[in-house]
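Below is one structure; the comments refer to it alone.
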Amino acid sequence: MGIEGIGARVVRKEDRRFITGKGRYTDDIVLKDTTYAAFVRSPHAHARILSIDTTAAKAAPGVIDVLTGADLAGDRIGGLICGWMIHSKDGSPMKAGAHPAIAHEIVRHVGDQVAVVIAETKAQARDAAELVEIDYEVLTAVVDPAKAQDADAPQIHPEAAGNLIYDWHIGDAAATDAALAAAARTIKLDIVNNRLVPNPIEPRVAIGSYDEAEEHFTLYNTSQNPHVARLVLSAFVGIAPEHKLRVVAPDVGGGFGSKIFIYPEETVCLWASKKIGGRPVKWTSDRTEAFLTDCHGRDHVTRAEMAFDADNRITGFKVHTIANLGAYMSTFSSSVPTYLYATLLSGQYAIPAIYAEVEAVYTNTVPVDAYRGAGRPEATYLIERMMETAARELGVDPADLRRKNFVKSFPHQTPVIMCYDAGDYEATLDKALAAIDYAGLPARKAASLAKGKRRGLGFSCYIEACGIAPSQAVGSLGAGVGLWESAEVRVNPVGTIEVLTGSHSHGQGHETTFAQLVNDRLGIGVNNVQIVHGDTDKVQFGMGTYGSRSGAVGMSAIVKALDKVEAKAKKIAAHLMEASEADIVIEGGEVKVAGTDKTMAFAHVALAAYTGHNLPAGMEPGLKESAFYDPTNFTFPSGTYICEVEVDPDTGVVEIERFVAVDDFGNVINPMIVEGQVHGGLAQGIGQALLEGVTYDMESGQLLTGSFMDYTMPRADDLPSFEVSTTVTVCPGNPLGMKGCGEAGAIGSPPAVINAITDAIGVRDIAMPATPSKVWAALHGAA
Amino acid sequence: MTAVTLNVNGKRYSADVEDRTLLVQFIRETAGLTGTHVGCDTSQCGACVVLLDDVAVKSCTMLAAQANGGSVTTIEGLARGDQLHPVQAAFREHHGLQCGFCTPGMIMSAVDMIRRHPEGLDEATIRHELEGNICRCTGYHNIVKAIQSAADEMSALPAAAE
Ligand code: FES
Ligand code: FES
């Protein structure tokens, strides 16, 4: 372990460049002869393109070319794809409409790209974009997922009749209906999970560059998974075969899911670079474009019913959800409201029968895909709002009701695919109850009341699934990719190390935690380890970072490669020190013969591997190993969050007084980084509960919350200091015993906040975001 | 076109720029200092904060011409050689950054905030003062801790702060 090993709060290695302004983000890259792209975007939510006149734009100063969807189609550039096949109840495959990188004939949401101007400067490109004249025939739009299948709703894609993409289900309908029929009590709940904009502070950027001599493309972009981008752009969009396309994602300024997906602008910049003769084409999104084109998150409308027996044990849970996927199916959108959502509907509870139906629909809105948590926040919000509501209506303590129904023995097979491997839900609940001083709540409520305020407390006992896997299982469920990770450990002749990883860091601190792992094994110090990621020319292949997978999956691949490196180093050392391989141990940067004083520096062994002067007979020189790791199961982080709020009944303002988060992430590499991940997730979850929400004009389909002026991002004075801590049950599924911590905060927190507010003001439900005006209206019966 | 001369981090930059050129564009494109970031187009996020004549400004909200003749400090100009400014050091020590994109603006705002509050800072004041800076990664928890710690350190050692 040591001061730079596993479990240590090592200050981040990557920070120095960020705090001195030396980070290298995509927009900081200016290639020689760069040209700039500006997109002409649809002002209408749904319209037919009657004509496009680019004459004036083409004649404008500095303009190199103006390209349209017809040009793209003419060059036989393929459309974007959704990489997870979902089948409907009747066995039919999902109905995916075409998604051209530039709209052709029809635009389907405000912001859909209609043309692109390439010019010498960004300002010239933007000026000329204003001169592109487009005639539209405006069509009726639908933005509400609950209305997308109405008879009078417009048809958005010819492939999806009634705008229904799929009508999927999971679980046992008959058993669940029987449980509901036989129940002592049933609790019904209608829940809306609001639509959110991920808004990483770095906007998306793409630079496409074509080398005519080599017939080779390079894409610099703000991606969480550059290899997947290359795969899609090669195999489906058809830009170039993989060996002729390099994708580089340098420092990336946050993603939260929104930078997983393959976006139209990447295709356009690559294609346009070739079209204009090989000069690089750069596009930098502004924030307005980010609101109009980055995939949004959530947007579920759900009706659910839970059955309890006379002893308040859950006997069944039935769920019907409509999921809005927006105007086009984004890269992984289909998996979010299905396998990432409904498979978690058992929560932390032993529920014998579950049945869920999910209808995914097209609407004239920005595409919806994974956003921090992806499906699991929707499941958690539903279950934990349901548990709190049930406790109130059954007249029992909400902590007691949860405790009674907790899964208590592992492994636990739920009725919805997941098999929970390890956990101790009572431990996190008990720790959180102690931290918040639950026993003191009545006195605190009375004190608030005496001041004219209303105090409330809300629980959320979440479970989530990280490190989505194994490849064979997800393949059988429709995934178009495997979900393993790769690593390569290169020991240099001087004994320093490069780790090439298919994971990608965009804030998570991999350069530090991954180096801690190597140091833990070899003891060479984190500063002798370099983590290399984000470049398809350097790293052979990888699946990238999302779904809290980089610890449990990405680091496990490094462990496997390190195992091989150690094994070879031990063979070499045994040979050099004339000892038995079994007696060799590696620690503190030394390779030793156990029980003797024989030792040599790890660097010495490395050098010996490369000089090749004296190696065991038949051994290849060099010390470099790679590994692919495919997990055997998901990991299941869990925890208890408790939020305590004080509401001012005169203004409806909600003050978060305390927020206690107790998480079980299994083993932790760097507690400082893990806490930071929880803080960030909590801010996003509290943002969803109190502040954030997308509003569209229902008639015109205009995005009304299209800037930071209209869409309320959580700011420092909206949030409290968080009280975070952990408990540990070791994950048996991977060599490090880790579970994943990147999304828990965003998954667990929204129901805790809403449960606290509804407790404070004595209402059954309040829609997120619970703004002061909504809270005030709920309190004063003026909804 | 307008002739603009600016002193950025002690170095003089002169250029003829389009009238509409923003200060942040001058810094990033003319001076080539890419530590100052652009996170929005409505003057909300604070990723672009620099010091102009020692006062924090959002460099996306000002024309380069308006700053003509001024002296700009960007994130690149804060450290003295290898010696980090106390605010930079505190952000690192307290894990006040994750992706690092908001960080330059956060640090420059914090430097300005500490200068304006020689009496010291408490948590509520720091949180309130940060209303012009958005961070999507950290939940602000560790940013607040970092600023608090830097403010405490700098008020204890007033000479070291400048
Ligand atoms: S870029 Fe200046 S405030 Fe956002
Ligand atoms: S550290 Fe990523 S936005 Fe603040």
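The values are calculated or read from the model by the stated rules, or taken from the named source; none is laboratory data. None of these values were measured; they are calculated from a predicted model. In this analysis, Cβ positions are derived from the backbone assuming ideal geometry, glycine residues included, and neighbour counts consider all displayed protein chains. Side chains included, ligands, DNA and RNA excluded: accessible areas come from the protein's heavy atoms. Shrake-Rupley method; radii C 1.70, N 1.55, O 1.52, S 1.80 Å.
Which one of B:LEU78, B:LEU121 is at the interface with chain A (Cβ under 9 Å from one of its Cβ atoms) and open to solvent by 10 Å² or more (accessible area, probe 1.4 Å)?
On the way: B:LEU121 fails: at the interface with chain A (Cβ under 9 Å from one of its Cβ atoms).
The conditions single out B:LEU78.
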Next item on the list: Considering only the stretch A:465-480, state which residues are at pLDDT below 80, of a type in the set (A, V, I, L, M, F, W, C) and open to solvent by 30 Å² or more (accessible area, probe 1.4 Å).
Entry: A:ALA473
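Before we move on, is B:GLY70 more than 15 Å from ligand 1 (Cβ to nearest atom), out of contact with any Lys or Arg (no Cβ under 8 Å at 6 or more places or on another chain), at the interface with chain A (Cβ under 10 Å from one of its Cβ atoms) and open to solvent by less than 40 Å² (accessible area, probe 1.4 Å)?
Working: more than 15 Å from ligand 1 (Cβ to nearest atom): yes; out of contact with any Lys or Arg (no Cβ under 8 Å at 6 or more places or on another chain): yes; at the interface with chain A (Cβ under 10 Å from one of its Cβ atoms): no; open to solvent by less than 40 Å² (accessible area, probe 1.4 Å): yes.
It is false that B:GLY70 is more than 15 Å from ligand 1 (Cβ to nearest atom), out of contact with any Lys or Arg (no Cβ under 8 Å at 6 or more places or on another chain), at the interface with chain A (Cβ under 10 Å from one of its Cβ atoms) and open to solvent by less than 40 Å² (accessible area, probe 1.4 Å).
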Next item on the list: Any chance you could count how many residues in the stretch A:494-531 are more than 14 Å from chain B (Cβ to nearest Cβ), within 28 Å of the chain's Cα centre (by Cα) and open to solvent by 30 Å² or more (accessible area, probe 1.4 Å)?
Entry: 2
Next item on the list: Quickly run through the stretch A:1-57 and pick out the residues that are under 30 Å from A:VAL730 (Cβ atoms), within 26 Å of the chain's Cα centre (by Cα) and among the β-branched types (Val, Ile, Thr).
Entry: A:ILE6, A:VAL10, A:VAL11
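Results for (1) at the interface with another protein chain (Cβ under 9 Å from one of its Cβ atoms); (2) open to solvent by 30 Å² or more (accessible area, probe 1.4 Å), shown as yes or no for each residue.
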residue	(1), (2)
A:VAL654	no, no
A:ALA661	no, no
A:GLY681	yes, no
A:LEU690	no, no
A:SER725	no, yes
A:GLY737	no, no
Next item on the list: Could you tell me whether any residue of the stretch B:29-43 is away from ligand 1 (no atom under 16 Å from the Cβ), open to solvent by 30 Å² or more (accessible area, probe 1.4 Å) and either aliphatic (A, V, I, L, M) or not in a strand (DSSP E or B) (or both)?
Entry: yes
Next item on the list: Give A:LYS58, A:LYS95 a once-over and let me know the one that is modelled with pLDDT of 95 or more and part of a loop (DSSP other than H, G, I, E, B).
Entry: A:LYS95
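Does B:GLN88 count as at the interface with chain A (Cβ under 9 Å from one of its Cβ atoms), within 14 Å of the chain's Cα centre (by Cα) and modelled with pLDDT of 95 or more?
yes
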Note to self: Restricting to the stretch A:247-261, and then to whatever is within 14 Å of ligand 2 (Cβ to nearest atom) and over 16 Å from A:SER550 (Cα atoms), can you tell me which residue is surrounded by the fewest Cβ atoms within 10 Å (Cβ to Cβ)?
What the structure shows: A:ASP251
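Within the stretch A:28-42, can you find the residues that are in a loop (DSSP other than H, G, I, E, B) and under 21 Å from A:ILE52 (Cα atoms)?
Pass one, the stretch A:28-42, residues in a loop (DSSP other than H, G, I, E, B): A:29-34, A:42.
Listed by number, the list holds a single entry, A:SER42.
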Next item on the list: Residue by residue through the stretch B:20-60, note down the ones that are more than 16 Å from ligand 2 (Cβ to nearest atom), in contact with a Gly (Cβ under 9 Å, 6 or more places away or on another chain) and closer than 14 Å to B:VAL111 by Cβ.
Entry: B:VAL50, B:LEU51, B:LEU52, B:ASP53, B:ALA56
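What are the residues in the stretch B:125-159 that are within 13 Å of ligand 2 (Cβ to nearest atom) and not hydroxyl-bearing (Ser, Thr, Tyr), if any?
Residues satisfying the conditions are B:LEU130, B:ASN133, B:ILE134, B:CYS135, B:ARG136, B:CYS137, B:GLY139, B:HIS141, B:ASN142, B:ILE143, B:VAL144, B:ALA146.
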Next item on the list: State all residues of the stretch A:93-141 that are open to solvent by 10 Å² or more (accessible area, probe 1.4 Å), in contact (Cβ under 8 Å) with a residue 60 or more places away in the chain and of a type in the set (A, V, I, L, M, F, W, C); if no residue qualifies, say none.
Entry: A:MET94, A:ALA96, A:ALA98, A:ILE106, A:VAL110, A:ALA129, A:LEU131, A:VAL132, A:ILE134, A:VAL138, A:LEU139, A:ALA141
Next item on the list: Name, by its number, the condition in (1) more than 28 Å from A:ARG12 (Cα to Cα); (2) away from ligand 1 (no atom under 11 Å from the Cβ); (3) open to solvent by 30 Å² or more (accessible area, probe 1.4 Å) that does not hold for B:PHE26.
Entry: (3)
Margin query: If a residue must be away from ligand 1 (no atom under 16 Å from the Cβ) and either within 25 Å of B:ARG20 (Cβ to Cβ) or not hydrophobic (A, V, I, L, M, F, W, C) (or both), how many such residues does the stretch B:74-110 contain?
Written below: 15
Notebook entry, point to check: Consider A:LEU517 against the criteria (1) in contact with a His (Cβ under 7 Å, 6 or more places away or on another chain); (2) modelled with pLDDT of 85 or more: it satisfies all of them except one. Which criterion is unmet?
Noted result: (1)
Checklist line | Subset tally (residues that are open to solvent by 10 Å² or more (accessible area, probe 1.4 Å) and of a type in the set (A, V, I, L, M, F, W, C)) for the stretch A:627-646 | finding: 2
Checklist line | Selection from the stretch B:87-139 of residues that are within 18 Å of B:GLY77 (Cβ to Cβ) and among the polar types (S, T, N, Q) | finding: B:GLN88, B:THR103, B:SER109
Next item on the list: Filter the stretch A:575-600 down to residues that are in contact (Cβ under 8 Å) with a residue 24 or more places away in the chain and either part of a helix (DSSP H, G or I) or open to solvent by 40 Å² or more (accessible area, probe 1.4 Å) (or both), then give me how many there are.
Entry: 5
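Is it fair to say B:GLY69 is assigned to a loop (DSSP other than H, G, I, E, B) and more than 16 Å from ligand 2 (Cβ to nearest atom)? Can you show your working first?
Details: assigned to a loop (DSSP other than H, G, I, E, B): yes; more than 16 Å from ligand 2 (Cβ to nearest atom): yes.
Considered against the rule, which asks whether it is assigned to a loop (DSSP other than H, G, I, E, B) and more than 16 Å from ligand 2 (Cβ to nearest atom), B:GLY69 comes out as yes.
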Item checked: Near pairs, Cβ below 7 angstrom, 6+ apart or cross-chain, from the stretch B:30-43 (at the interface with another protein chain (Cβ under 7 Å from one of its Cβ atoms) and under 14 Å from A:GLY21 (Cβ atoms)) to any residue that is open to solvent by 50 Å² or more (accessible area, probe 1.4 Å) and of a type in the set (Phe, Trp, Tyr) -> none
Notebook entry, point to check: Out of all the residues in the stretch B:126-140, is one or more away from ligand 1 (no atom under 15 Å from the Cβ), modelled with pLDDT under 95 and more than 14 Å from the chain's Cα centre (by Cα)?
Noted result: no
Item checked: Selection within the stretch A:341-369 - surrounded by fewer than 24 Cβ atoms within 10 Å (Cβ to Cβ) and in a loop (DSSP other than H, G, I, E, B) -> A:ALA350, A:PRO352, A:ALA353
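Hey, could you check the stretch A:184-241 for residues that are among the aromatic types (Phe, Trp, Tyr) and either within 16 Å of ligand 1 (Cβ to nearest atom) or touching a Pro at 6+ places or on another chain (Cβ under 9 Å) (or both) and say which is nearest to A:HIS504 (Cα to Cα)?
Taking the candidates together, the pick is A:TYR220.
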Notebook entry, point to check: Going through the stretch A:739-768 one residue at a time, which ones are open to solvent by 10 Å² or more (accessible area, probe 1.4 Å) and at pLDDT below 95?
Noted result: A:GLY740, A:CYS741, A:GLY742, A:GLU743
Check: What's the number of the condition A:ALA606 fails, among (1) closer than 25 Å to A:VAL529 by Cα; (2) open to solvent by 10 Å² or more (accessible area, probe 1.4 Å)?
Finding: (2)
